[in-house]
Amino acid sequence: MKVLLINPEFPDTYWSFRHALPFEGKRCAFPPLGLLTVSALLPKEWERRLVDLNVEKLKTADIEWADMIFATAMLVQKQSLREVVKRCKSYGKRVVLGGPYVTSTREELPPADHLFRGEAETTLPQFVADLANGTAKAVYEAPERPALSTTPIADFGLANLKAYSAMSVQYSRGCPFSCEFCDIIEIYGRVPRTKSNQQMLAEFDALYDLKWRGNLFIVDDNFIGNKKNVRNLLPELAKWQKDHGYPFTLITESSLNLADDDALLASMRDAGFHRVFVGIETPVEESLHEAQKSQNRGDLVSSVKKIQSYGIEVMAGFIVGFDNDPVDIFERQIDFIRRSAIPLAMVGLLNALPDTQLWKRLEREGRLLGEDATGNNTVCTFNFKTRMDPAYLVQGYQTIMRTIYSPREYYERVLDSMRRTKDQLAEPNHYTMIRGFTTLTRVFFTLGIIDRERREFWRFFTHALLKHRARLADSLRLAACGYHFRKLTEAYGQA
Ligand code: B12
Ligand code: SF4
């Protein structure tokens, strides 16, 4: 059996980092870990190829080669998924679909032969057996959420590692909290399931053996969802990192209550965590209450500062459009982002994802407009009737983006963040001389010569050179990310 695994294209969103990647000669930020895991669940003797449309084009020869097509998608990839299915079906191929979009959507899906809803650890082996017996079903739905002990090491070797700026592994699925807008808890559950320490170290070994060095994103919904197990894992990760010369710069996602646990923060720093993405959402208490985000309590700026004090850069998600948002919400978000010195602030407009508690409430209140959310922030649409005038919200949202990604504001935040994260575990240099030189030249040429904001860049670069010389690579990474956000804001964020 020949299987072609396809990851559809992402639109050009803030998360795509498309304008930042060329600086380091990369094509895509992260590999499609879901598909690489699916590949590892298939019989060893089956042949497989991966085509990530964010890295390369889908060639007719690849479609013709395959007996079966396996495609994944998040909501934001649905348009590209439709085109992929249409094209593959026109060659008469058997098409299998799975992933978060297929699992959670209520929309009509593209005409595939087999749909997988939920996690595939138990259903995929069943499908393989059914296929051999000629009894393969149209829909496979995981009866329960599988233990992660059944998750094999992803087929990392299938991906063109050089094309990605980070690799991904997963430690846990699910989150114990119950934020109203979140679909994680609907898709992956409220009881966080984790892998064993041995599984995690084996995945680290696998990537190390493939010669991967640099960013490693632990793509958990909430890395500290099961604190007991994480406490047990971290010293082992720290030892592994030390024994191997700290080959991986770790990044993850966590709830903000991470700030309440100094011991955990210290263990994360020792294991080589450099960045953590947290869901702050809003500084407005009434809106946090509405969103059932009870874990974000107290002085949120202090919580961010605490995490930063352990040398961990904070990235964060923010949302505007809650029913309880006051009219000055935009200024308050800008002020918060400024004071917390979060360089990469992902601000989004509230949308209701299918089957979330928010979706159900809005349905009861008759406020849904009958469409799935696009999942794409840059489009600036709502799929429900907002309390505030939608035009006012969009205008305010664009003001936030234009303000926080104006070069002066952005570089100030980066420098503040670097000051606050000075206790970061020293990052080994994963750049070869030639790669480092090429990246530097590209940044200097684009940001320091041809960009109209070059004066701000040089001001920032001089500060970074004087005050944070040891972290020059980090400051250039952040400069490149800022450029990406500014470019997208210029393209989409004009009032
Ligand atoms: C890492 C990650 C990203 C990465 C990129 C991931 C990538 N290249 O694929 C980044 C940071 C870029 C990202 C961005 C976004 N993401 Co994201 N992301 C994740 C995260 C945290 C982990 C994904 C992952 O690797 N999981 C590990 C694998 C093993 O799990 P899996 O993909 O579910 O695969 C399993 C099953 O689904 C199934 N399966 C999957 N595919 C297939 C295919 C077949 C054929 C079969 C049979 C089975 C199957 O088998 C696997 C094993 O069980 C998930 C949350 C999560 N828990 O998955 C959110 C998640 C997928 N992201 C989500 C969203 C909304 C986004 C954004 C739109 C956020 C935003 N508003 O901007 C952006 C959009 C991206 C863009 N460029 O525009 C949502 C998707 C919601 C939906 N219903 O589609 C999720 C579920 C989280 C959430 N609720 O916020 N994301
Ligand atoms: S903390 Fe994050 S993952 Fe957990 S329920 Fe809230 S939004 Fe979802």
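Consider the range 371-396 and keep the residues that are of a type in the set (Ser, Thr, Tyr) and more than 11 Å from ligand 1 (Cβ to nearest atom). The one that is surrounded by the fewest Cβ atoms within 10 Å (Cβ to Cβ) is Tyr392.
Annotation note: Cβ proximity below 6 Å between a residue of the range 185-204 that is over 20 Å from Glu144 (Cβ atoms) and a residue that is away from ligand 1 (no atom under 14 Å from the Cβ) and of a type outside the set (Lys, Arg) (sequence gap 6+ or interchain) occurs for Asn197/Leu233; Asn197/Glu236; Leu201/Trp240; Phe204/Trp240.
Conditions tested, residue by residue: (1) under 30 Å from Leu216 (Cβ atoms); (2) assigned to a helix (DSSP H, G or I).
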{"site": "Val394", "(1), (2)": "no, yes"}
{"site": "Thr403", "(1), (2)": "no, yes"}
{"site": "Arg408", "(1), (2)": "no, yes"}
{"site": "Tyr411", "(1), (2)": "yes, yes"}
{"site": "Val414", "(1), (2)": "yes, yes"}
{"site": "Pro428", "(1), (2)": "yes, no"}
{"site": "Arg435", "(1), (2)": "yes, yes"}
{"site": "Leu440", "(1), (2)": "yes, yes"}
{"site": "Phe444", "(1), (2)": "yes, yes"}
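Just one of the listed residues (Ala147, Ala166) is within 12 Å of ligand 1 (Cβ to nearest atom) and surrounded by fewer than 17 Cβ atoms within 10 Å (Cβ to Cβ), namely Ala147.
Out of Thr122, Thr135, one residue alone is modelled with pLDDT of 95 or more, within 24 Å of Val95 (Cβ to Cβ) and near ligand 1 (Cβ under 10 Å from one of its atoms). It is Thr122.
Quick check on Ser39: is it farther than 27 Å from Gly348 by Cβ and polar (S, T, N, Q)? Answer is yes for this residue. Whenever a residue of the range 275-303 is in contact (Cβ under 8 Å) with a residue 40 or more places away in the chain and within 27 Å of Arg477 (Cβ to Cβ), its partners that are within 16 Å of ligand 1 (Cβ to nearest atom) and of a type in the set (Asp, Glu), lying with C-beta atoms within less than 6 angstrom and at least six residues away or across chains, give the pairs Arg275/Glu313; Phe277/Glu253. Only one of the listed residues (Lys86, Lys26, Lys93, Lys59) is without any contact (Cβ under 8 Å) to a residue 24 or more places away in the chain and of a type in the set (Lys, Arg). That residue is Lys59.
Out of Leu472, Leu465, one residue alone is surrounded by 13 or more Cβ atoms within 10 Å (Cβ to Cβ) and either touching a residue at least 24 places away in the same chain (Cβ under 8 Å) or part of a helix (DSSP H, G or I) (or both). It is Leu472. Among the conditions (1) under 18 Å from the mean Cα position of the chain (by Cα); (2) within 16 Å of ligand 2 (Cβ to nearest atom), the only one that Ala166 does not satisfy is (2).
Scoring Glu47 on the criteria (1) more than 28 Å from the chain's Cα centre (by Cα); (2) within 16 Å of ligand 2 (Cβ to nearest atom) leaves a single failure, condition (2).
Just so you know, in the range 219-234 the residues that are out of contact with any helix residue (DSSP H, G or I) (no Cβ under 9 Å at 6 or more places or on another chain) and touching a residue at least 40 places away in the same chain (Cβ under 8 Å) include one that is farthest from Leu353 (Cα to Cα), and it is Asn226.
Trp65 satisfies every condition listed in (1) over 25 Å from His484 (Cβ atoms); (2) of a type in the set (Phe, Trp, Tyr); (3) crowded, with 19+ Cβ neighbours inside 10 Å except (3). Glu108 meets each of the listed conditions (1) at pLDDT below 95; (2) in contact with a Leu (Cβ under 9 Å, 6 or more places away or on another chain) apart from (2).
Entry remark, the range 173-209: residues being within 10 Å of ligand 1 (Cβ to nearest atom), of a type in the set (Asp, Glu) and either closer than 15 Å to Ile224 by Cβ or outside any helix (DSSP H, G or I) (or both) number 1 in total.
Give me the residue from the range 22-81 that is polar (S, T, N, Q) and in contact with a Lys or Arg (Cβ under 8 Å, 6 or more places away or on another chain) and, out of that set, farthest from Thr432 (Cα to Cα). Top of the filtered list is Ser39.
Each row is one residue, and each column tells you yes or no for (1) more than 14 Å from ligand 2 (Cβ to nearest atom); (2) within 27 Å of Lys360 (Cβ to Cβ); (3) among the small types (Gly, Ala, Ser).
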| residue | (1), (2), (3) |
| --- | --- |
| Cys179 | no, yes, no |
| Cys182 | no, yes, no |
| Tyr188 | no, yes, no |
| Asn197 | yes, no, no |
| Leu210 | yes, no, no |
| Asn215 | yes, no, no |
| Asp220 | no, yes, no |
| Gly225 | no, yes, yes |
| Lys228 | yes, no, no |
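Can you name the residue in the range 11-34 that is at pLDDT 95 or above, within 7 Å of ligand 1 (Cβ to nearest atom) and surrounded by fewer than 21 Cβ atoms within 10 Å (Cβ to Cβ) and is also farthest from His484 (Cα to Cα) among such residues? Ranking the qualifying residues of the range 11-34, first place goes to Leu33.
Would you be able to say whether some residue in the range 124-136 is among the acidic types (Asp, Glu) and either in contact with a helix residue (DSSP H, G or I) (Cβ under 9 Å, 6 or more places away or on another chain) or part of a loop (DSSP other than H, G, I, E, B) (or both)? There is no residue in the range 124-136 that is among the acidic types (Asp, Glu) and either in contact with a helix residue (DSSP H, G or I) (Cβ under 9 Å, 6 or more places away or on another chain) or part of a loop (DSSP other than H, G, I, E, B) (or both). Taken together, the criteria exclude Gly298 from residues that are at pLDDT below 95, more than 17 Å from Leu258 (Cβ to Cβ) and of a type outside the set (Val, Ile, Thr). Scanning the range 351-370 for residues that are part of a loop (DSSP other than H, G, I, E, B), away from ligand 1 (no atom under 11 Å from the Cβ) and in contact (Cβ under 8 Å) with a residue 24 or more places away in the chain gives a single hit, Ala352.
The values are calculated or read from the model by the stated rules, or taken from the named source; none is laboratory data. Owing to the predicted nature of the structure, the values given are computational and were not obtained by experimental measurement. Heads up, the Cβs are rebuilt from the backbone with ideal geometry, glycines too, and the neighbour counts pull from every protein chain shown.
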